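We did not get these values from a lab; they are worked out from the coordinates using the rules stated. Since the structure is predicted, the reported quantities are computational estimates derived from the model, not experimental observations. No Cβ is skipped: glycine too gets one built from the backbone with ideal geometry, and neighbour counts run over all protein chains shown.
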Amino acid sequence: MLIRMEICDFLESCDVTAVPAADGDEAIDVLGSGRRIDLVLTDLQMPGERDGIDVALWVQENRGEIPVIVTTGNAELARRAQEVCEKIAYLPKPLAYGELRSHLDRLSRGGPE
């Protein structure tokens, strides 16, 4: 939870409104609420029934206009995510805030993740 809140604080410092979710089910609930979401940043390893791959696939199928950035320290999970999800960006752990900021800047300019 501390890392999630630290990342949310960083996103807020970049003028991005962050909506944290404790697990994949909560993330999908937020995404399905109709709330404006400009970006999804998810860890691939999440507690609960649905993991980050499930979240990324849900976004792809239901809200395909939203860019997705996934992160993990597990290379096999990253490879699997990139195989099954069409449009995702991958940032390895430990998360480098400079690299995340670069992705955010590209997205704000309308560029690819």
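Observations on the model:
- Recomputing Cα extents along the principal axes in Å from the coordinates shown identifies the correct label among (i) 54, 23, 22; (ii) 32, 31, 30; (iii) 46, 34, 19 as (ii).
- Packing-based exposure ordering (other Cβ within 10 Å, fewest first) of 105, 23, 15: 15, 105, 23
- Computed on the chain, with alpha-carbon pairs under 8 angstrom and 6+ residues apart, the relative contact order is 19 percent.
- Residues 3, 69 in ascending order of nearby Cβ atoms (within 10 Å, fewest first): 3, 69.
- Of 46, 5, the sequence from fewest to most neighbouring Cβ atoms within 10 angstrom is 5, 46.
- Scanning residues 5 or more positions from residue 41 or on other chains, those with amide H under 5 Å from its amide H are 69, with H placed 1.01 Å from N in the peptide plane.
- For the range 1-99, size of Cβ-based charge dipole, Lys and Arg +1, Asp and Glu -1, in debye: 160
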